[in-house]
Amino acid sequence: MRWNRLTYPLAISASLFLAACSGAPDTKPGAPVTLSSEQVTLEGSITRVDRANRMVTIRGSEGAELDVYAGDQVRNFDQLQVGDRVSMDYTRAIAAELQPAGSGEVGTSVQQGGSRSGAGGRPGGAASETVTVVAEVLAVDTVAHTVTLRGPRGNVVAVAVQRDDLRARLGRVKAGDLLRVTFTEAVAVNIRPRPQ
């Protein structure tokens, strides 16, 4: 799993920033605000295994098929058989946090983790990636309802605040404050033998 979050336009961070301003009134300043979080479990069965190209076709419960490439890092690929049951838990979360000026540096960081089945065990494993982007607030215009941010690559974006509840909170944001947005994605795959 490799996200292209590092190439996301700063506009995405900006929209998340504005959502972070909408935290509950009793939220402590600087406390992370979860902007979105979702977990999906997908289940299906293997309908085709292309061993030469390491491709697996999985049919979901509603009949749609998905081709998945199983790279060399996938252990025990040769154990996969047509009819094996596949379950995949996918989680994605986005959190934002407003931090005071001088408390950090503008930049981007990536953390990856994962696990895979042991040699000889059933195929399966998990992978996760967390990308953190920190942008600096350059200006806040409470009359025009805009916030100007400078991203990790020096790009500058002025964002118009559309929602009235967010406009009311703009007075709390100051030039020099930092916006830290964290994108987390994780997937766990479990393969069960086909029913006998």
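List of remarks:
- Share of carbon and sulfur in the accessible heavy-atom surface of the stretch 53-164 [1.4 Å probe, %]: 49 percent
- Karplus 3J(HN,Hα) series, Hz, for the stretch 66-78 with 6.51 cos²θ - 1.76 cosθ + 1.60 (x for Gly, Pro): 9, 8, 10, 8, 10, x, 4, 6, 7, 7, 6, 4, 5
- Packing-based ranking, highest mean first, of 117-126, 142-151, 60-69, 173-182 given that Cβ atoms within 10 Å are counted: 173-182, 142-151, 117-126, 60-69
- Cα-based Rg of the stretch 112-196 normalised by 2.2 N^0.38 Å, two decimals: 1.83
- Quick note on the stretch 30-162: its Rg to Rh ratio, both from C-alpha atoms and Rh being the Kirkwood radius, is 1.16.
The values are calculated or read from the model by the stated rules, or taken from the named source; none is laboratory data. Just so it is clear, the structure is predicted and the values come from calculations on it, not from any experiment. Cβ sites come from the backbone with ideal geometry, for glycine too, and all protein chains shown count toward neighbours. Each accessible area value is taken on the protein alone, full model and side chains, heavy atoms only, with ligands, DNA and RNA left out. Shrake-Rupley method; radii C 1.70, N 1.55, O 1.52, S 1.80 Å.
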